[in-house]
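What follows is a set of notes on a single structure, which appears directly below.
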Amino acid sequence: MIEKQNLLNFNQQALDGFFAELGEKPFRTKQLMKWIYKDKVFDFNQMLNLSKKLRENLNKIACLNLPTVVSKNYAHDGVIKWVINMGDNSNIETVYIPEKDRGTLCISSQVGCALACTFCSTGYQGFNRNLSTAEIIAQVLIASLDLNPKNKRISNVVFMGMGEPMLNEEAVYNACDLLLDDLAFGLSRRKVTISSSGVVPALERMSKRVPVSLAISLHASTNELRDELVPINKKYPIEELLKVCKIYLNAGTQERHILFEYVMLKGINDSAQQAEQLAKLLKGISAKVNLIPFNSFPQSDYQVSSVATIERFQDILFSRGIRTMTRKTRGKDVDAACGQLAGKVKDKTKRGG
Ligand code: SAH
Ligand code: SF4
């Protein structure tokens with residue numbers, strides 16, 4: 001028996017190729033995408049503007065499979081966390097964060113993460129596998145099926161859930177294509193953000209391949225400290241990371257900026273001197289800094305910086321002309337805050353012992 005192709009893996013171009021191979025006209029792509037992404041219909045039999053022959057054929061060779069939702073958790077502040085089973089005993093997490101003027105969906109790109117940042121719960125789980133485009137896009141479909149578009153719409157999508165998106169490039173790029181495509185989710189390029197801990201060669205390719213926003217998880221202003229907090233820094237140190245940031249900033253036709261994420265760890269990276277160093281490092285780069293109060297999880301010994309320390313840090317950056325904001329911690333009571341996503345990961349790297 002042939003394995004059916006899950007058409008949620010295909011961006012518009014891939015669907016054109018798929019239909020061409022079947023001897024169908026390109027307008028079939030538009031029809032199918034409208035059913036899936038606008039009408040949220042996943043049963044070929046209900047797609048009545050496709051010919052009967054095509055529907056029968058699609059049933060034989062293709063499918064539109066959504067993974068199973070294991071649980072849906074509501075935090076007091078309106079945050080919703082879905083735990084989604086991806087088969088093979090793997091669960092990933094997706095989080096919706098409602099705000100006054102927008103609704104952000106935080107999606108996962110991998111089951112676990114191999115990069116082992118010392119302050120991140122996902123990092124502690126180890127790594128199992130990459131998610132497919134279908135599994136990434138399914139998170140957005142599942143959330144939009146569950147949310148009432150009148151008061152809870154998805155205006156922004158950020159790759160800030162489990163995993164390092166730049167170690168799963170193809171699937172993430174195709175998912176970005178669908179997020180931006182008017183025939184699918186139709187989000188503007190400013191409202192889709194890839195967050196990366198700094199996989200430099202991939203970031204160079206990304207700069208040219210998808211016109212989305214970029215967030216860089218910096219967290220330290222010296223290589224010595226960053227080597228410790230974000231171990232991939234040993235491979236791609238800060239100088240190389242900032243070089244590729246400049247490539248990204250110059251690659252677009254529209255003006256670009258980069259959001260630098262900086263987790264606030266008490267007594268580790270939050271001194272006045274470190275704020276000065278950070279300001280120096282970012283001089284001349286079109287940057288915004290997002291200070292993230294550290295969210296604790298069971299395996300971690302770090303503590304969050306005090307409110308006063310975070311304010312001092314922010315004031316120093318402000319005084320050096322750097323746009324800075326402090327991220328509000330959301331969804332903590334359902335373990336949905338930044339860095340708390342653990343899912344269920346059968347670690348294949350055996351790093352955890
Ligand atoms: N792998 C990517 C995207 C997922 S992590 C990356 O590292 O950028 C999304 C953001 O959450 C990153 O900025 C990450 O550094 C931050 N984060 C991880 N653990 C955290 C924690 N315990 N508290 C606060 N933020 C955390
Ligand atoms: Fe992976 Fe990002 Fe967590 Fe680091 S912070 S371990 S790169 S998910």
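The values are calculated or read from the model by the stated rules, or taken from the named source; none is laboratory data. Keep in mind that this is a model prediction, so the values were computed, not measured. Reconstructed Cβ throughout: ideal geometry from the backbone, glycine too, with neighbour counts over all protein chains shown. With ligands, DNA and RNA removed, areas are computed over all heavy atoms of the protein, side chains included. Shrake-Rupley method; radii C 1.70, N 1.55, O 1.52, S 1.80 Å.
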Checklist entry - So how do 120-126, 292-298 stack up, highest first, on mean other-Cβ count within 10 Å? => result 120-126, 292-298
Checklist entry - Which order, highest average first, do 87-98, 52-63, 181-192 follow once you tally other Cβ atoms within 10 Å for each residue and take the mean per peptide? => result 87-98, 181-192, 52-63
Checklist outcome for this item: Relative contact order in percent for the stretch 44-132 (Cα pairs under 8 Å, 6+ apart) equals 14
Item to check | Asp101 - accessible surface, heavy atoms, 1.4 Å probe, Å² rounded to 10 | outcome: 120
Item to check | Inter-centroid distance (Cα atoms) of the stretch 1-31 relative to the stretch 211-241, Å | outcome: 39
Checklist entry - How many percent of the accessible area of the stretch 6-112 is carbon or sulfur, using a 1.4 Å probe? => result 51
Next on the checklist: Looking at the chain only, what percent of DSSP beta bridges run antiparallel? Nearest 5 please.
Outcome noted: 45
Checklist entry - Once you sort the root eigenvalues of the Cα gyration tensor of the stretch 1-117 as a ≥ b ≥ c, which label holds: rounded (a/c under 1.5), prolate (a/b larger than b/c) or oblate (the other case)? => result prolate
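Tell me, what is the per residue accessible area of the chain in Å², probe radius 1.4 Å?
On the way: 16390 Å² over 353 residues.
Per residue, the chain has 46 Å² of solvent-accessible surface.
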Checklist entry - For the stretch 264-336, what is the Kirkwood estimate of the hydrodynamic radius, computed as the reciprocal of the mean inverse distance between distinct Cα atoms, to one decimal in Å? => result 13.1
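Quantify how much of the Cα-Cα distance distribution of the chain extends past 30 Å, in percent. Provide the component values of the computation, followed by the final result.
On the way: 23582 of 62128 pairs.
Above the 30 Å cut-off, the chain has 38 percent of its Cα pairs.
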Checklist entry - Considering the stretch 94-218, what Rg and Dmax in Å follow from its alpha-carbon atoms? => result 14.0, 41
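Does the stretch 203-353 come out rounded, prolate or oblate by the C-alpha gyration tensor, with a ≥ b ≥ c the root eigenvalues, rounded set by a/c under 1.5 and, if not, prolate when a/b is larger than b/c and oblate if not?
Values: a/c = 1.58, a/b = 1.15, b/c = 1.37.
Oblate, since a/c reaches 1.5 and b/c is not below a/b.
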Checklist outcome for this item: With Cα coordinates, the longest principal axis of the chain makes an angle with the long axis of helix 12-21, in degrees rounded to 10, of 30
Next on the checklist: Order 69-81, 162-174, 106-118 from most to least packed using the mean count of other Cβ atoms within 10 Å.
Outcome noted: 106-118, 162-174, 69-81
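Return the calculated 222 nm mean residue ellipticity for the chain, to the nearest 500 deg cm²/dmol, obtained by summing -39500 (n - 2.57) across DSSP H runs with n ≥ 4 and dividing by the residue count.
Counting only the DSSP helices, I get -9500 deg cm²/dmol.
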